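Chemist: Starting off with a structure, shown below.
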Amino acid sequence: MSVPFVLFYIFAALAVVSALAMILNVRNTVASVMSLVVTMVSLAGIYVLLAAYLVAAIQIMVYGGAIVVLFLFVVMLLNLRSDEFLPARQRWMKFAGALLGVFLLVEGLRLLGGFHEPPPLPEGFGGYRLLGLSLYTDYLLIVEVISLLLTAAIVGALILAKREID
Amino acid sequence: MPVEVIVKTLFILFVVIGALAPVMTWTERKQSAVMQDRIGANRADISGITVLGLLHPLADVVKLLTKEDVVPRGANRVMHLLAPIVAAVPAVIAYGVIPFAGVYTFGGETISMVVSNADWGLLYIFAIGSIATYGTVMAGWSSNSNWSLLGAMRASAQMISYEVTMGLSVVGIFMVFGTLQLQTMALEQDTSFRILGFLEYLIPGFQLPALFSAFPFVLPKWGIFLQPLGFLMFLATIMAENKRPPFDVPEGESEIIAGYFTEYSGMRFGLFFMAEFIEVVVIAGLVTTLFLGGWTIPWVSTAGFIGAVTPAVGEGVATGLCVIVQFLMFMAKVVVMIWLQMSLRWGLPRFRYDHVMDLCWKGILPLSIVNIFVTGALLLLVGDAS
């Protein structure tokens, strides 16, 4: 087995184990959030093995760095107790989760069936150059629409927050 | 290839970081002493020999290692023990993409003096920097102390805010050099440019007098001359990321004892301290590479240096000499940047917390966006003239 394969299994195992730890650890919300960080970072490791370097960097910066820190911030601010999050309270969530799990399993098996050797990567694949070019040429309209949407969301959040203060 | 990487890694660990980080505890004490009109650290001695107080780092290590390692009652033990490690590791591994010398050819083999020549080098540093927040937050939360928790909250808010502005403040540099790879950026800065040279490009047929091609009108093509505003903003934001004074609100002694590491003792406290010092070295290296030309010698390009020395000693020795001189140049610039950080640390009082946030969101963020626009417009106008 080559080094990338070994690394893949390490990162994959880490991602799965920490994801499970996040869900099953209902007693300690902060530890749960920290497991989420491990999941995010190991996913970034898998992206690097897939030659998607930019996505890996952004995965760590945006998900690992910014978003989960915000989660952590909120959890620490509220200082949640475990009894407020007992899973028994929402029983239908379990059924929905099980249904979703079956769906994912079927989907995953279907994907594995069509597994084949990847084609050779084009020059500069996964770098910021190619991604930037396609974002600002082929997908320009979508990028602009998303930025408009985000601006609207920010303005909306600001107005809501200000109304509370005033 | 792996051997080369291991050698470079060890070189960075023992020469670049290993030599600077411990001495910096001494430097900091000495500098504060000078600035506060005291004599300063000079008491630690081995049978009467004090070596200007240089034995203090040694005494520190002995003291920290022999202190009791306390985990407070009610603390989350695992996280309390892990937090200093999580804080220290990102500081060390960030150095992997910072070049400490240039790219050289030895008998047909090209060697780039950087551990990883990753195409996304600067993004890697930002990613590592965003992970560094967790050490602080884990330390503050797991200590089960209100002071620690307050410190952790302040730290996390400050660090996410400044990450955003840190990224935006160097976009101008990406645009000017057209790359995210730190070695390529340093290579781009390995030339000089005429300050008024763009006039020849803008006005067809216009020739500058020969006077303007000489010393005071020719500058090394460093980031600081191309992006002066970017330099100031980046220095401010990255110093805020490191949480050292004047941005040390997460550990403001007058308000919250020692912030997130109030409950730490012994070498675990020492690790936080070490992480901070290593980060100072990393910041110095990063600012040097982005804005001060990295390992380049001002006004003398690599090819020029090797070309001038080769007739005397032969090409192989000339290249070797060039490696040494450029590495020393890099270290000299790093030391200057460390000195600047220390002077700012002792020269400025602590910000008030809301001022830190105002500076980030109302000061640097709009300025950095303006900087990006102006840089883009200038690049469109005179981008091809260099």
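Chemist: Does B:Gly140 satisfy the criteria of being more than 14 Å from chain A (Cβ to nearest Cβ) and buried (at least 24 other Cβ atoms within 10 Å of the Cβ)?
Modeler: No.
Chemist: What's the number of the condition B:Gln183 fails, among (1) away from every other protein chain (no Cβ under 14 Å); (2) surrounded by fewer than 24 Cβ atoms within 10 Å (Cβ to Cβ); (3) under 18 Å from the mean Cα position of the chain (by Cα)?
Modeler: The number of the failed condition is (2).
Chemist: Answer yes or no: is there a residue in segment A:7-20 that is within 14 Å of chain B (Cβ to nearest Cβ), touching a helix residue (DSSP H, G or I) at 6+ places or on another chain (Cβ under 7 Å), at pLDDT 90 or above and closer than 22 Å to A:Leu70 by Cβ.
Modeler: Looking for residues that are within 14 Å of chain B (Cβ to nearest Cβ), touching a helix residue (DSSP H, G or I) at 6+ places or on another chain (Cβ under 7 Å), at pLDDT 90 or above and closer than 22 Å to A:Leu70 by Cβ, one finds at least one in segment A:7-20, hence yes.
Chemist: Take A:Leu72 and tell me if it is surrounded by 18 or more Cβ atoms within 10 Å (Cβ to Cβ), modelled with pLDDT under 85 and not polar (S, T, N, Q).
Modeler: yes
Chemist: Could you check how many residues of segment B:143-154 are buried (at least 24 other Cβ atoms within 10 Å of the Cβ) and more than 10 Å from every other protein chain (Cβ to nearest Cβ)?
Modeler: So the count comes out to 4.
Chemist: Cβ-Cβ below 7 Å, separation at least six or inter-chain, first residue in segment A:2-14 and assigned to a helix (DSSP H, G or I), second of a type in the set (A, V, I, L, M): which pairs?
Modeler: A:Pro4/A:Leu49; A:Leu7/A:Leu49; A:Phe8/A:Ile46; A:Phe8/A:Leu49; A:Phe11/A:Ile46; A:Ala12/A:Ile46; A:Leu14/A:Val38
Chemist: Still on this structure, I have one more. Identify, please: which residue in segment B:108-123 is more than 9 Å from chain A (Cβ to nearest Cβ) and among the small types (Gly, Ala, Ser) and is, among those, surrounded by the fewest Cβ atoms within 10 Å (Cβ to Cβ)?
Modeler: For segment B:108-123, the residue satisfying everything is B:Gly108.
Chemist: Which members of segment A:30-63 meet the condition of being more than 13 Å from the chain's Cα centre (by Cα), within 11 Å of chain B (Cβ to nearest Cβ) and over 27 Å from B:Ser143 (Cα atoms)?
Modeler: If the condition is that a residue be more than 13 Å from the chain's Cα centre (by Cα), within 11 Å of chain B (Cβ to nearest Cβ) and over 27 Å from B:Ser143 (Cα atoms), then A:Val48, A:Ala51, A:Ala52, A:Tyr53, A:Leu54 are the ones that fit.
Chemist: Give B:Val323, B:Val280 a once-over and let me know the one that is farther than 30 Å from B:Arg77 by Cα, part of a helix (DSSP H, G or I) and among the aliphatic types (A, V, I, L, M).
Modeler: B:Val323
Chemist: Pairs please, first residue from segment B:168-179 and buried (at least 21 other Cβ atoms within 10 Å of the Cβ), second anywhere and of a type in the set (Phe, Trp, Tyr), Cβ atoms under 6 Å, 6+ apart in sequence or on different chains.
Modeler: Once the first residue is buried (at least 21 other Cβ atoms within 10 Å of the Cβ) and sits in segment B:168-179, its partners that are of a type in the set (Phe, Trp, Tyr) give B:Ser169/B:Phe234; B:Val170/B:Phe234.
Chemist: Separate question: If the requirement is being farther than 30 Å from B:Gln36 by Cβ, β-branched (Val, Ile, Thr) and touching a Cys at 6+ places or on another chain (Cβ under 7 Å), which of these qualifies: B:Ile297, B:Ile306?
Modeler: Within the list B:Ile297, B:Ile306, the selection yields B:Ile306.
Chemist: Sort through A:Ile23, A:Ile58 and tell me the only one that's aliphatic (A, V, I, L, M) and at pLDDT 85 or above.
Modeler: On inspection, the qualifying residue turns out to be A:Ile58.
Chemist: Ok, one more. What tally of residues in segment B:171-193 results from selecting those that are in a helix (DSSP H, G or I) and either touching a strand residue (DSSP E or B) at 6+ places or on another chain (Cβ under 6 Å) or not β-branched (Val, Ile, Thr) (or both)?
Modeler: 10
Chemist: I'd like to verify a number: residues in segment B:250-277 that are in a helix (DSSP H, G or I), at pLDDT below 80 and among the aliphatic types (A, V, I, L, M), how many?
Modeler: Of the residues in segment B:250-277, 1 are in a helix (DSSP H, G or I), at pLDDT below 80 and among the aliphatic types (A, V, I, L, M).
Chemist: Quick one: what pairs do we get from segment B:27-46, first residue at pLDDT 80 or above, second outside any helix (DSSP H, G or I) and surrounded by fewer than 14 Cβ atoms within 10 Å (Cβ to Cβ), C-beta under 9 Å, 6+ apart or different chains?
Modeler: Going by the 9 Å Cβ cut-off, the qualifying pairs are B:Ser32/B:Arg38; B:Ala33/B:Ile39.
Chemist: Looking at segment B:264-287, can you tell me whether even one residue there is out of contact with any Asp or Glu (no Cβ under 8 Å at 6 or more places or on another chain) and among the polar types (S, T, N, Q)?
Modeler: no
Chemist: Right, another one. Tell me, which residue of segment A:125-144 that is part of a loop (DSSP other than H, G, I, E, B) and within 19 Å of A:Gln59 (Cα to Cα) is nearest to the other protein chains (Cβ to nearest Cβ)?
Modeler: A:Gly127
Chemist: I'd like to verify a number: residues in segment A:104-136 that are within 18 Å of A:Leu49 (Cα to Cα) and loosely packed, with under 10 Cβ neighbours inside 10 Å, how many?
Modeler: Residues that pass the stated criteria total 8.
Chemist: Considering only segment B:96-120, state which residues are modelled with pLDDT of 75 or more, part of a loop (DSSP other than H, G, I, E, B) and not aromatic (Phe, Trp, Tyr).
Modeler: B:Ile98, B:Pro99, B:Ala101, B:Gly102, B:Met113, B:Val114, B:Val115, B:Ser116, B:Asn117, B:Ala118, B:Asp119
Chemist: Has segment B:301-311 got at least one residue that is part of a helix (DSSP H, G or I), in contact (Cβ under 8 Å) with a residue 60 or more places away in the chain and more than 30 Å from B:Glu251 (Cα to Cα)?
Modeler: Within segment B:301-311, one or more residues are part of a helix (DSSP H, G or I), in contact (Cβ under 8 Å) with a residue 60 or more places away in the chain and more than 30 Å from B:Glu251 (Cα to Cα).
The values are calculated or read from the model by the stated rules, or taken from the named source; none is laboratory data. Because the structure is a prediction, the values reported are computed rather than measured. Positions of Cβ are generated from backbone atoms using ideal geometry, with glycine treated the same way; all protein chains shown enter the neighbour counts.
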